[in-house]
Amino acid sequence: MNSYEYLLVERKAAVGLITLNRPKQLNALSFGVFGEIATAIDELEADAAIGCIVLTGSEKAFAAGADIKEMQPKGFIDMFNADFTAIRGDRVATCRKPTIAAVSGYALGGGCELAMMCDFIIASDTAKFGQPEITLGTIPGIGGTQRLTRAVGKAKAMDLCLTGRMMDAAEAERAGLVSRIVAVDKLLEEAMAAAEKIAAMSQPAAEMAKRAVNRAFETTLAQGMEVERDLFRSSFALQDRAEGMAAFIEKRPPQIRNR
Ligand code: CO8
């Protein structure tokens, strides 16, 4: 097991919980934090006992963005090289297991981008999302112009990326960025309950569902439909599929074996 300086990484039954833990800096995402997130995903993805991963921050901040103090003196080549070594910025998005972002407080810049790398976002009623990079003379660098645009459409993505303004949880839900909003003191409970539910499903089936939904953002409708059909048919090779349907017919809970 790895040790972490900037994160808490816990296993709660079949759920892996990653908590960003740099409270004084509002969980600013330094290269070290990015690197540890990638390592934690590696670790939890490889753990067969884990069926879903929750990524969260503190009540005040999920993450207030990349670490501006660390980035300020850097030049092109520092950032170019860091992409492939220290940061591994897209690692959360490439995780095969389902991931949920539980967002309270600020999710700005890289923080908003990190949340969008997860399969879905559950927000507290205090959550605030934004891409304020323009106010620093730069632009989003790990998905803010791409995933945000796919999630909320061009008008709102342009508005956020060009003005740098924040949107509150209600606006984010209306725009389709978050799947649900809960009271701040119920956020983790709600996210963990959703994760436990997902972790109790057939893991290969959950992975197929995730892969199929993700294809919708990468391909044409016809190609996406083909991927879905192929994965759907593949699920008929799963013992869990045979058991799930038999259990329904026999009016009993299924015995899921992840096979
Ligand atoms: N980086 C470094 N330190 C930060 C950051 C940050 N992004 N955000 C907050 N902090 C620090 C503050 O400097 C402060 O530290 P100190 O006490 O030592 O001065 C401490 O956290 C508390 O912050 P504030 O006093 O500012 O708290 P407030 O409650 O007054 O304000 C805000 C909260 C509104 C969130 C404010 O802190 C803020 O605007 N933060 C910056 C938000 C921002 O611009 N984020 C975008 C950063 S750029 C980015 O994310 C690019 C992504 C591309 C990634 C590419 C890979 C690296």
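The values are calculated or read from the model by the stated rules, or taken from the named source; none is laboratory data. Quick caveat: nothing in here was measured; it's all calculated off a predicted structure. Neighbour counts run over all protein chains shown; Cβ positions are idealised from the backbone, glycine included. When the accessible area is computed, the model is the full protein with side chains, heavy atoms only, and any ligands, DNA or RNA have been set aside. Shrake-Rupley method; radii C 1.70, N 1.55, O 1.52, S 1.80 Å.
In the context of the full set of protein chains, the chain has a per residue accessible area of 52 Å² (1.4 Å probe). Remark: for residue pairs LYS69/LYS156; LYS186/LYS210; LYS97/LYS128; LYS12/LYS154; LYS128/LYS154; LYS12/LYS74, the C-alpha separation exceeds 31 Å in LYS12/LYS154; LYS12/LYS74.
Between ILE139 and ASP47, the contour length at 0.36 nm per residue exceeds the alpha carbon distance by 29.6 nm.
The peptide list 106-113, 21-28, 129-136, put in order of mean Cβ contacts within 10 Å with the highest first, becomes 106-113, 129-136, 21-28. Modelled spin labels at MET1 and SER234, positioned 7 Å past Cα toward Cβ, are 3.2 nm from each other. In this structure, the amide hydrogen of VAL103, modeled 1.01 Å from its nitrogen in the peptide plane, lies closer than 5 angstrom to those of ILE122, ALA123, SER124, counting only residues at least 5 positions away or on a different chain. Between 0 and 90 degrees, the angle of helix 239-249 with respect to the longest Cα principal axis of the chain falls at about 70 degrees. Using alpha carbons only, the radius of gyration of the chain set against its Kirkwood radius gives Rg/Rh = 0.99. Our summary gives region 39-191 a relative contact order of 24 percent, counting only alpha carbon pairs under 8 angstrom and 6 or more residues apart.
Summarising the label geometry, the points placed 7 Å from Cα in the beta-carbon direction at ILE68 and ALA216 lie 3.6 nm from one another. Secondary structure note: in the chain, about 30% of the DSSP beta bridges are antiparallel. Every helix of 4 or more DSSP H residues in the chain counts as -39500 (n - 2.57), and over all residues that averages to -12000 deg cm²/dmol at 222 nm.
Of the residues MET201, MET208, the one with the largest accessible area comes first in the ranking MET201, MET208, computed with a 1.4 Å probe on protein heavy atoms.
What you get for the chain, charging only the Cβ of Lys and Arg (+1) and of Asp and Glu (-1), is a dipole of about 480 debye around the Cα centre.
In sequence order, region 114-125 has phi-based couplings of 5, 4, 6, 6, 6, 5, 8, 10, 9, 10, 7, 5 Hz under the Karplus curve 6.51 cos²θ - 1.76 cosθ + 1.60, θ = phi - 60°, and Gly or Pro positions carry x.
Our coupling estimate for region 206-213, obtained by passing each phi through the Karplus curve with A = 6.51, B = -1.76, C = 1.60 and θ = phi - 60°, is 4, 5, 5, 4, 4, 4, 5, 4 Hz, Gly and Pro reported as x.
When the solvent-accessible area of the chain is split by element, carbon and sulfur atoms take up 57 percent of it, the probe being 1.4 Å. For region 38-51, the Karplus equation 6.51 cos²θ - 1.76 cosθ + 1.60, evaluated at θ = phi - 60°, returns couplings of 4, 5, 5, 5, 3, 5, 6, 5, 7, 8, 4, 7, 9, x Hz by residue, with Gly and Pro reported as x.
Evaluated with a Cβ-only charge set (Lys, Arg +1; Asp, Glu -1), region 178-259 carries a dipole of roughly 220 debye about its Cα centre, given to the nearest 20.
How far is helix 221-234 tilted off the main Cα axis of the chain, in degrees rounded to 10, range 0 to 90? That helix lies at roughly 50 degrees to the long axis.
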